[in-house]
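Shown next, in structure tokens, is the structure this report addresses.
Just so you know, all these numbers are worked out from the coordinates, no wet-lab data involved. All values derive from a computational prediction rather than experimental measurement. No Cβ is skipped: glycine too gets one built from the backbone with ideal geometry, and neighbour counts run over all protein chains shown.
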Amino acid sequence: MGIAIRLQEVRERIAQAEARAGRIPGSVQLLAVTKTFPAAAAQEAYDAGQRHFGENRLQEALEKIPQLPKDVAWHLIGPLQRNKVRKALEADVALIEAVDSLRTAESISRIAGELGKTADVLLEVNIDGEASKHGFSPADLRIEWEQLAVLPHMEIRGLMCIPAPVDDVQRARPAFAALRQLAEELRARGPLLLPVLSMGMSHDFEVAVEEGSTEVRVGSFIFGTRFYPSHSA
């Protein structure tokens, strides 16, 4: 099965999940995650109509951005070190999805201001409290919300999470529901609308859609098995 066929299958499964949840057709955006895959694979997906692509590492994104058409929207979905914020903003990425601390948010706000830009971001939430995961704990995000929400030169578009690994995708449902509920709580506190909930990947995106995801991040199902380099990223 080629990339175009797998892309179509994902789109159909998203549409079916939307229907099961009584959601508006087309309310969920598909983000094709191209980390470790060559630019040629991304181009094949582009030729099949895909326009939003996700990369974990800034350096890999910077290598691929010039090789794809200008109308691609690139999302950074991995942790962004503060010393790389300027490069990310200069590259005009569409969305920084994994802002995991107030300090990183403050760096993005400050540097975006210096560049005369407004950065669109998502806040990453460590929804299950895993020690190995990046992100705000729900408790810390509630405490720091007032500071985050008023940072200039940065638009918080919503929240993202990666639930703890489970052997049954249905067991991820409470984590997705918890992120949705947290977004609703923060939205009620104002002043931001938080329209984006980025949750769900290749193995669990349908459950995420049923629980309110507005963006699913799918890579291996579309592009195949990943082979990671032996050196550390």
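Taking R0 as 22 Å, what FRET efficiency do you get between Leu193 and Ala164 from their Cβ-Cβ distance, rounded to the nearest 0.05?
Values: r = 28 Å, r/R0 = 1.29.
In this case the efficiency is close to 0.20.
Among Ile5, Ile65, Ile111, Ile24, which comes first, then next, by fewest other beta-carbon atoms within 10 Å? Please list the in-between numbers first.
Details: Ile5 10, Ile65 17, Ile111 20, Ile24 7.
So the ranking, lowest neighbour count to highest, is Ile24, Ile5, Ile65, Ile111.
Starting at 0 and stepping by 5 Å, how many percent of the alpha carbon pairs of the range 1-100 end up in each bin?
Taking every Cα pair in the range 1-100, the percentages come to 2, 12, 23, 20, 17, 13, 8, 4, 0.
Counting other Cβ atoms within 10 Å of each Cβ, which GluC sites (Glu not before Pro) in the range 59-155 have at most 14 and sit in a DSSP loop?
On the way: sites: Glu60, Glu63, Glu90, Glu97, Glu106, Glu114, Glu124, Glu130, Glu144, Glu146, Glu155; in loops: Glu130.
Filter output for the range 59-155: Glu130.
I need Lys84, Lys64 ordered by Cβ neighbour count within 10 Å, fewest first.
On the way: Lys84 16, Lys64 21.
Ascending number of Cβ neighbours within 10 Å: Lys84, Lys64.
Compute the distance in nm between two label points, each set 7 Å from the Cα along the Cα-to-Cβ direction, one at Glu12 and one at Thr225.
Going by the 7 Å Cα→Cβ label model, 2.5 nm.
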